[in-house]
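*Asks:* Structure incoming, see below.
The values are calculated or read from the model by the stated rules, or taken from the named source; none is laboratory data. Computed from a prediction, not measured in an experiment: that's the story for all the values here. We place every Cβ from the backbone using ideal geometry, glycine too, and count neighbours over all the protein chains shown. SASA here: full protein model, heavy atoms, side chains in, ligands and nucleic acids out. Shrake-Rupley method; radii C 1.70, N 1.55, O 1.52, S 1.80 Å.
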Amino acid sequence: MQTLATSVPGLSALATSGDAGVAHNATGVASVGWLIIALPLLGAAILLIGGRRTDKFGPYLAVALSWAAFVVGLLLIIQVHGLNSGDRAFHKHLFSWIPTGGFNLDFGLLMDPLSLAFVMLITFVGSLILVYSLGYMAHDPDRRKFFAYMNLFIASMLTLVLADSYLGLFVGWEGVGLASYLLIGFWNYNPEFASAANKAFFSNRVGDFGFLLAIFFMFSAFGRVDFAGVDAAVPGTGKGTLIGIGLFLLLAACGKSAQAPLQAWLGDAMAGPTPVSALIHAATMVTAGVYLIVRSHVIFDATPDARLAVCIVGAFTLMFGAIVGCAKDDLKKALAASTMSQIGYMVLAAGLGPVGYVFAIFHLLTHGFFKAGLFLGSGSVMHAMNDTINMRRFGGLWWIMKVTWVTFGLGFLAIIGFPGLSGFWSKDKIIEMAFVGSGWRPWVFGLTALIAAGITAFYMTRLFIMTFHSNPRWEKPEFDPHEAPMTMKVPMIVLALGSAFLGLILGPTNIITNWLEPVVGRQEGHAVLSAPVLMILTFVLMVAGIWWAWRLYWVEVPVTPPVGTPLTRLARRDLGQDDFNEAAFQRPGLHLTRALVFADNRGVDGAVGGLAAFIGGTAERLRRLQNGFVRSYALTMLVGVVAILGVLLVVQ
Amino acid sequence: MAADSFVQAHIDYGAVAPMLIVFGTAMVGILVEAFVPRASRFWVQLPLAIAGMVVSLVVLVTISRGHEVITAGGAVVIDAPALMLQGTVLVLSIIALLAMAEPLGTRSPDAFTQSGASVPGSPAEANAVRLGATSTEIFPLTMFAVGGMMLFPSASNLLVVFIALEVLSLPLYILTGLARRRRLLSQEASMKYFLLGAFSSAFFIFGAALIYGFAGSLDFDAINKAIGTNGGMDGLLAPGVLLVAVGLLFKAGAVPFHSWTPDVYQGAPTPVSGFMAACTKVAAFGALLRIFYVAFESLRWTWQPVLAIVALLTMVIGAVLSVVQTDIKRLLAYSSITHAGFVLVGLIALNTVGISGTLFYLAAYGFSIIAAFALVALVRSGGTEATHLSQWAGLGKTNPLLAGTFSFLLLAFAGIPLTSGFVAKFAIFSAAVGHGATWLAVVGMAMSAVTAFVYVKVIVLMYFSEPAEGTAVVTPSALTGISVAVGTVLTLLLGIIPAPLFEMTQHSTLFLR
């Protein structure tokens, strides 16, 4: 199988190597780079250990420490920026972690342009969201714990992006999973939330299973699992091994980034508090899968087959999310579907290889701003509407909540790729790159990305109109909408500014491409359709999407949802993802378990996992206990011995 | 035929002193039972037992380490793995015994019946309770078991292995039957354990006889040499190896010799379950390591696939059945079966990384499981232990400290990073990948994901459900406190800085033969 570079005539030979050379030992600010992780971690520790004594000042301390981490990150960027583009990577050895036999694993930090871009996103957006939470969570009795978990999350996420090895990345990976789990279940008086937390944990475990296998295969193939060691060893490794590692990394990315087939948890995770949705389930954690793929670019560069799988997953999910987004009436779930779809764009871009890595990260950064802004805006609406989340109960709010309306509107325009705003610069580039190549791929991936852009415009306009315009579907005494307090408004305004201008600052000036190129490499690609044609097509589809939504929803939105077409009904049920999971995994698992339980003479109550089973069960159990099943235990042993002996004799 | 003149075996007392100290303490303990008044027995027995083990550990570290020998006529070998395993058994036993001794304000261990010999519910039992009878005989019993566990992995002769097996098993059978609450369940568990244990011992001794027929000796080294040279007797060898393995795999709780584990762990006094899950496993896997790496080393290509199948079955059956458990003790029992499967994966990796990983895993798991069972013993409902999962609902609200600690231990069992469970699994599976056991590591990771689901179910139950009616957590004394604290802190420390223990296990992979 030919590599993309040789099989595509339109691909110029501008390729640069993806290696930033050897990372230098950390000096200056970089030598205290660990502070970036330590500061929020310290906050979490103080708040959790300090207990109720820290109730008063704790939240403010958490916010301050998060900003402090941002400042350290900023100083680091300034230091790094002063260097030649090839020298912008620092390595800091922290301690020796797992020595197993001839294999020593150290824990260290890698501070290069890719990780620093993430540090900026995480600390800046994260700190803004913490400020917002000061207002949003003001009346929650457990807000100290909330801020502690948020700081724990930020520290874990920073560990994830700053680690210098796959194992270190995995520590952060599990840390963000745990913090996310704690935060989804934060309002744990609601059992629905608890089940959502459970689902998220389970999906993530499947992803982690893939990640660990990838690590073990790396260990077995390369003997090392640090990025530098793995990257150096890839060229001499067999194709099969690399494809295996690539696919397992993809599975890991799917779990964390809610990509098919592990996408089911994200919608349910919206049960957590809104700032959590903004920070974890939109801006940072869910993009960790994209980071993982881009960070493993050397492996994926060497395996076009694994990259194809990445593209397919990305393209499928971006369409899946867009369709689901059209049918949701729950504001946050619609945004969650949109997140899934936008991450699909990033994964698709990452799967395109060197032509796409930079734009995957670029879209990730702009998306972090506008999606966080959209979530904070939706939180502000919920705050104003007594925690109502059903968009069919909103309408006409724009006059009452002007700041929310304007900031949300900027996020809305950014995500649909309105010319000039952030999403336009990043998403159009991905669409263009999806059309690069030859054969069927550019047409399939490119058209998927293009059409989804139109659908995005439709569902986002629908969401925007249903919330802020159209006829008001609420009554005065029951609802008394009001604008949010200052602590909530300011972060929304800052994020809206980012949604508007970040793309313009980073994109056309080539700042982002020049910044990331030394790490991930870059190729210019020529699309099968020219860039202006694509831009016009995208614009036309976007306008069509807006127009369609305007036609349907501008005048009146019924409070009870209409029956809808079969597709709408299916999309409301997330295109049957839960039915699929149940049929594919839960039922076979249940049957397997039942079969095994049947073989295991006794000991489980009839109701699997049932909590009410205890009543009356004890007496029954005690009675059954007197029956002396010891004979069947002995029989099991005997059968086991005979079976093994038989196998042994046959083999010999 | 003139009999060889009898030569007295030389015994290196420096090497075997730790075992002698433990056995000696057990003997003194029996005298204490006989001569010390009932009222003060508890506070004599407990310090005596702890002191015995601490002194033994000190001697082990200071003196025995310089005496790495094959001694007692080739019956006992004290080498680096043996010292490591004995040390692990001692440390784990100390914290397990602290939890077992928990008096809850009385002068008798709370978990144990005051009159083990009486029929449950009989006038004799009521009389014993009225007279304030104590059950301090558990201390010498435990010491005998510990002594057996120390001998088990350092025995270098199949007959001595057998003796050690019985020395460690018999006290455990009795300890299992001594629960204060739900005594019928406890006595039945004891009976089952004894019958099945006897059954497996029969397999073992039959296997040893077959091997003697093959090799003409029961010494490990002689057996290994015979495997290389003897021809024509292979029909005895393979069944012999298998049957010997059955006896040991039974103690380790591997499938299909696991059926006793859930019943016994459920019926036994809860801290005893922790003691068995931690220390018996260390001893059994220690003995397995020595037998397979020394006595049957030349036969590795025969036994490796067999053990691989056993490991596979153990991981899968343990994990899948843990999903449907509704009793916390049975859940932990099935979890311990799954962990036994993971350890087996390390054991059959056939390299020093595998040995070192196995040793690390055993220690790490031991600390966590002792603390977990010690916590289970504290949750009560209606005067008896609340072991049904429904009774654990809402513990996160009513007792955040217990629920938090227990959740952390569950996360360690699940293998979440920064707990000892992750590092241990990493060591085991990284040894297996690329050494012919890659598929086992894949299955192991999958099963570990399945069990994670089980543990999370418990955590969710504790935190996200309404508190159960009638469930209360008793406040323990410092004994349980220390036991749980040590277990939990080490679970955390071994996850963050595993290097010191790893260095120890890495230097403990060379068997003396």
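*Asks:* Quick one: net charge of A:L397's neighbours, Cβ under 14 Å, K/R +1, D/E -1?
*Replies:* +2
*Asks:* While we're here: Which is farthest toward the positive dipole end of region A:311-553 among A:A496, A:T461, A:A414, measuring Cα position about the Cα centre, with Cβ charges +1 (Lys, Arg) and -1 (Asp, Glu)?
*Replies:* A:T461
*Asks:* Could you pull out the pairs from A:K256/A:K427; A:K239/A:K427; A:K56/A:K402; A:K199/A:K476 whose alpha carbons sit more than 26 Å apart here?
*Replies:* Listed pairs above 26 Å: A:K239/A:K427; A:K56/A:K402; A:K199/A:K476.
*Asks:* Then there is this: Could you tell me which of B:Y365, B:S115, A:S378 has its Cα farthest along the dipole of the protein assembly as shown towards the positive end, charges placed at Cβ (Lys, Arg +1; Asp, Glu -1), taken about the Cα centre?
*Replies:* Of B:Y365, B:S115, A:S378, it is A:S378.
*Asks:* Also: Using a 10 Å cut-off on Cβ to Cβ distances, tally the other chain neighbours for every residue of A:212-219 and report the average as a whole number.
*Replies:* That average works out to 6.
*Asks:* In straight Cα distance, which lysines are under 28 Å from B:K192, not counting same-chain residues fewer than 8 positions off?
*Replies:* B:K251, B:K281, B:K329
*Asks:* Can I ask one more? When the helices in chain A are scored as -39500 (n - 2.57) per DSSP H run of 4 or longer and the sum is shared across all residues, what 222 nm value do you end up with, to the nearest 500 deg cm²/dmol?
*Replies:* -21500 deg cm²/dmol
*Asks:* Hey, another quick one. Please compute, for peptide B:185-196, the average count of beta-carbon atoms on other protein chains lying within 10 Å of each residue's beta-carbon.
*Replies:* 3
*Asks:* Helix B:158-176 against the longest principal axis of chain B: what's the angle in degrees, Cα atoms only, rounded to the nearest 10?
*Replies:* Its long axis makes an angle of about 10 degrees.
*Asks:* Let me ask something additional. Using the alpha-carbon centroid of each, what span in Å lies between region B:419-436 and region A:444-464?
*Replies:* For region B:419-436 versus region A:444-464, the Cα centre distance is 45 Å.
*Asks:* Here's something else I'd like to know. In percent, what relative contact order does chain B have, based on Cα pairs under 8 Å that are 6 or more apart in sequence?
*Replies:* The value is 16 percent.
*Asks:* How much solvent-accessible surface does A:W34 expose, in Å² to the nearest 10, with a 1.4 Å probe and all protein chains in place?
*Replies:* For A:W34, solvent-accessible area is about 100 Å².
*Asks:* Treat each spin label as a single point 7 Å out from the Cα along the C-beta direction, and report the A:N514 to B:V119 distance in nm.
*Replies:* Each label point lies 7 Å from its Cα, and together they span 9.4 nm.
*Asks:* A further question follows. If you rank A:D330, A:D112 by how much accessible surface each has, with a 1.4 Å probe, what is the order from largest down?
*Replies:* A:D330, A:D112
*Asks:* Just to be sure I understand the model, the point goes 7 Å from the Cα along the line to the Cβ. What's the resulting B:S40 to A:H81 distance in nm?
*Replies:* Taking the two extended label points, one gets 7.9 nm.
*Asks:* In debye, nearest 20, what is the charge dipole magnitude of the protein assembly as shown about its Cα centre with +1 on Lys and Arg Cβ and -1 on Asp and Glu Cβ, if you could check?
*Replies:* Result for the protein assembly as shown is approximately 1660 debye, rounded to the nearest 20.
*Asks:* What is the average number of partner chain Cβ atoms found within 10 Å of a Cβ in A:629-635?
*Replies:* So the per-residue partner count for this stretch is 5.
*Asks:* OK, next. Relative to the first principal axis of the alpha-carbon coordinates of chain B, what is the inclination of helix B:300-323, with its axis defined by its Cα atoms, in degrees from 0 to 90 and to the nearest 10?
*Replies:* Helix B:300-323 sits at roughly 10 degrees to that axis.
*Asks:* Cα centroids of region A:507-582 and region B:271-286: how far apart, whole angstrom?
*Replies:* Rounded to whole Å, the Cα centres lie 58 Å apart.
*Asks:* Let me ask something else about it. Given a cut-off of under 8 Å on Cα pairs at least six residues apart, what relative contact order in percent is computed for chain A?
*Replies:* Answer for chain A is 14 percent.
*Asks:* Express in whole angstrom the spacing between the alpha-carbon centres of region B:8-58 and region B:452-505.
*Replies:* So the two Cα centres are separated by 30 Å.
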